[in-house]
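Data first, discussion second: the structure below is written as structure tokens.
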Amino acid sequence: MFAKGTKRKFSDPGEEPALGAELGPVVRPLSSTYSLQRQSLLDMSLIKLQLCHMLVEPNLCRSVLIANTVRQIQEEMTQDGTWQIMTQALAAAQCPADRLVATEVLCRPSEALAAAQKEEEEEEVVVAAAMEEDVDSEANPLSSSSFLPAPFGAEPGWEDEEDDSEDEDSEECPSDAEDVPDSRRGDQVFGTFEIKHPAPPPDPALEELFSDVDPSYYDLDTVLTGMQSTPKMGPYDLLDSLSPHAAPALSTGTSCRSDLNELDHIMEIIS
Amino acid sequence: MGEDAESPKINHTFLRDYVTEADVISTVEFNQTGDLLATGDKGGRVVIFQREIDSKGESEEVGDIGDSGEYNVYSTFQSHEPDFDYLKSLEIEEKINKIRWLPQQNAAHFLLSTNDKTVKLWKVSERDKRPEGYNLKDEEGRLKDISTITSLQVPVLKPTDLMVEVRPRRVFSNGHTYHVNSISVNSDGETYLSADDLRINMWHLGITDRSFNIVDIKPANMEDLTEVITAAEFHPQHCHLFVYSSSKGTLRLCDMRASALCDKHTKLFEEPEDPGSRSFFSEIISSVSDVKFSHSGRYLLTRDYLTAKVWDLHMDKGPVETYQVHEYLRSKLCSLYENDCIFDKFECVWNSSDSVIMTGAYNNFFRMFDRETGRGVTLEAWRESSKPRAVLRTRRVYTGGKRRRGDMGVDSLDFTKKILHMAWHPSENIIAIAATNNLYIFQDRVNPETQ
């Protein structure tokens, strides 16, 4: 019934006493089963939001519904007080920043690692990002306000943050990165097909998510740093088994070959 | 339904046994007379079937099969090709999302077909004569040597084998940023609407470089987006009315006379939520996947994940009828969320007299509900049980109580076999069911004596 392969090591941090049970007219069972189920659902939803088809636009309706579900769980967890407890526990931990995937994070003991309290913001942005992927560029395509993502979707603006990212798990192939300086962003229609290797490789799936992100996002430092996260290969192994729709391109950890295949594919389409 | 049903099955894949993705049927639609049936598939192709008129003519004898012909392939053409959005570096699928026929005005037939981004108008015409006897060209079309021409002749039209020509007449492009989910031809015969996730545009059939935006629910900040448009349709008689459904389970009836931009609805149809059955999936399963006006124009039929509902246009407080399509899935919602089945968009249809509604389910099952009695029946679209003239067997999903032979357990249902698309003949009891890559056409032949 639950996500296949998800190791539910995360134990309910708030075995709060009947706190929840006494609240309000709606009696919500705060049993650990319910909490676990809810957590599992949250994890599953976040994974679904991130898994997007590299080459085809993801279904906006589905993304909106999943995002609303995430919001709903979040709200309920905030009301329970579970949310604060979780984020505090995660904040106390030392961790390599950038885990968007809550599964991995929350499956570890709370003292260990996590995405810190960016968890909440990350989710917000994941939600927002899922929306943003379909932002239309109504204006002149060359206007600087809109993004012109290259086939590999690397965002020029992210470049600064890429270097700052604390992601230490750089065994993934970073070949999807495309470094385009800020100044050139407005002028480029097609990115060059350079394949470079910056320090922390952005996940192509993430890049795709944010391909149309409004520049105003850059003002939110924490958001940005959070967004630079490159989820580890680990969770994506489960993800492949979880979702039949997982695009092969997401397995960045495998090799650069997949990305080159991507390139070939795109060249085929264009020509 | 009738006891005696002829069920000719038309296998879309012909000789192939395996299902190629491109052959999956994505839309089915009868034209206004029911003589033509169009299907669109994921590969961007459109196949038009035509009903054969039995040469026996009017059936003088009772019970004669004179007037019910089979549907045979009439024409096939490639409607849309895969495309690439260079701005977003994303592919545009060629899958045909919807086909709608225009009312016939002359000998030719017109239909609109759409993929995610572009709507096209196609002209389907027949040619069964060709001119012969040109003076300057020979039979192959090559220019004749003028010196060999000694006399003049008048070309005559000679009958030839029937040729069906399909030509694109209009291409309505660049109207949509998001994915087009619906098109609907207006009763005025001149305009149609196309709806994507966030906007609805109205086009004139003759003008391709302009369209009017009549609904726009895109928020200023995309982070605030919580609701999308899932389906839209014009009223069958009133050319100023249309309805659109949302992912939150609401229906909005809009009157174009009220203002140019119909963001503000004229009527909002929403069923108050039952607090007792609230779960994390409540919103997802309330999302309306299809909305259809009744032929009378008085009612609306909607489909959400577990139910089909009939609404009275005069009452916006809630549906007047609710039919459980597969309530046994309510306890499986988490699994269905995990495997994404919960996002499947089922269509729903009315019969010609608005007395029966039909919708699809899993395991190649589809359901019909008689509105007068409120009773529903489950039928199956399956090759093995569909020999020509075989009676469609009713099926049952075991949900408790006494188990009968042939009952299916919920866990043995095949969730990859979904009946999402279907159509009902406009005047007769003939239904077209798309089961993945197969098209089934079922006819109900009621003995006139029992009517």
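The values are calculated or read from the model by the stated rules, or taken from the named source; none is laboratory data. Everything numeric here is computed off the predicted structure, so don't read it as measured data. When we count neighbours, we look across all protein chains shown, and the Cβ atoms used for this are built from the backbone with ideal geometry, even at glycine.
In region B:267-276, what count of residues is obtained for those that are more than 14 Å from every other protein chain (Cβ to nearest Cβ) and either free of Cβ contacts under 8 Å to residues at least 40 places away in the same chain or loosely packed, with under 15 Cβ neighbours inside 10 Å (or both)? The total comes to 2.
Touching a Pro at 6+ places or on another chain (Cβ under 8 Å), modelled with pLDDT of 95 or more and assigned to a strand (DSSP E or B) - does that describe any residue in region B:17-32? Taking every residue of region B:17-32 in turn, at least one turns out to be touching a Pro at 6+ places or on another chain (Cβ under 8 Å), modelled with pLDDT of 95 or more and assigned to a strand (DSSP E or B). Just one of the numbered conditions (1) within 14 Å of chain A (Cβ to nearest Cβ); (2) assigned to a loop (DSSP other than H, G, I, E, B) is not true of B:Glu91: (2). Residues that are part of a loop (DSSP other than H, G, I, E, B) and free of Cβ contacts under 8 Å to residues at least 24 places away in the same chain within region B:371-380 comprise B:Glu372, B:Thr373, B:Arg375, listed in sequence order.
A count restricted to region B:225-247 and to residues that are farther than 13 Å from B:Cys262 by Cα and not in a strand (DSSP E or B) stands at 10. Scanning region B:277-333 for residues that are of a type in the set (Ser, Thr, Tyr), surrounded by fewer than 19 Cβ atoms within 10 Å (Cβ to Cβ) and over 30 Å from B:Ser412 (Cα atoms) yields one hit, B:Ser296. Test B:Lys402 against the criterion of being charged (D, E, K, R) and assigned to a loop (DSSP other than H, G, I, E, B), and give yes or no. Yes: the conditions hold for B:Lys402.
Of all the residues in region B:339-358, those that are buried (at least 21 other Cβ atoms within 10 Å of the Cβ) and of a type in the set (Asp, Glu) number 1. Keeping to region B:186-201, report how many residues are over 18 Å from B:Lys292 (Cα atoms) and either of a type in the set (A, V, I, L, M) or within 14 Å of chain A (Cβ to nearest Cβ) (or both). Count: 3. When restricted to residues that are in contact (Cβ under 8 Å) with a residue 12 or more places away in the chain and surrounded by fewer than 10 Cβ atoms within 10 Å (Cβ to Cβ), region B:137-155 contains 2. Whether a residue is hydroxyl-bearing (Ser, Thr, Tyr) and not in a loop (DSSP other than H, G, I, E, B) was assessed, and B:Ser151 does not pass this test.
Applying the criterion of being crowded, with 18+ Cβ neighbours inside 10 Å and part of a loop (DSSP other than H, G, I, E, B) to the residues of region B:206-224, the residue that is nearest to the other protein chains (Cβ to nearest Cβ) is B:Lys218. Tell me, which residue of region B:200-233 that is acidic (Asp, Glu) and in contact (Cβ under 8 Å) with a residue 12 or more places away in the chain is farthest from B:Glu190 (Cα to Cα)? Across region B:200-233, the extreme among qualifying residues is B:Glu227.
Could you please find all residues in region B:155-185 being of a type in the set (Lys, Arg) and either closer than 29 Å to B:Gly206 by Cβ or within 14 Å of chain A (Cβ to nearest Cβ) (or both)?
B:Arg167, B:Arg169, B:Arg170
Filtered by the rule that a residue be more than 10 Å from chain A (Cβ to nearest Cβ) and outside any strand (DSSP E or B), region B:287-298 gives B:Val288, B:Ser294, B:His295, B:Ser296, B:Gly297, B:Arg298.
Scanning region B:377-399 for residues that are under 21 Å from B:Tyr328 (Cβ atoms) and surrounded by fewer than 18 Cβ atoms within 10 Å (Cβ to Cβ) returns B:Val377, B:Arg393, B:Thr394, B:Arg396, B:Tyr398, B:Thr399.
Residue-by-condition table, conditions (1) touching a residue at least 12 places away in the same chain (Cβ under 8 Å); (2) more than 14 Å from chain A (Cβ to nearest Cβ); (3) of a type in the set (S, T, N, Q):
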site: B:Ser331; (1), (2), (3): no, no, yes
site: B:Glu347; (1), (2), (3): yes, yes, no
site: B:Phe366; (1), (2), (3): yes, yes, no
site: B:Trp382; (1), (2), (3): yes, yes, no
site: B:Arg395; (1), (2), (3): yes, yes, no
site: B:Gly401; (1), (2), (3): no, yes, no
site: B:Lys417; (1), (2), (3): yes, yes, no
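Evaluated against (1) within 11 Å of chain A (Cβ to nearest Cβ); (2) part of a strand (DSSP E or B), B:Leu301 falls short on exactly one condition, (1).
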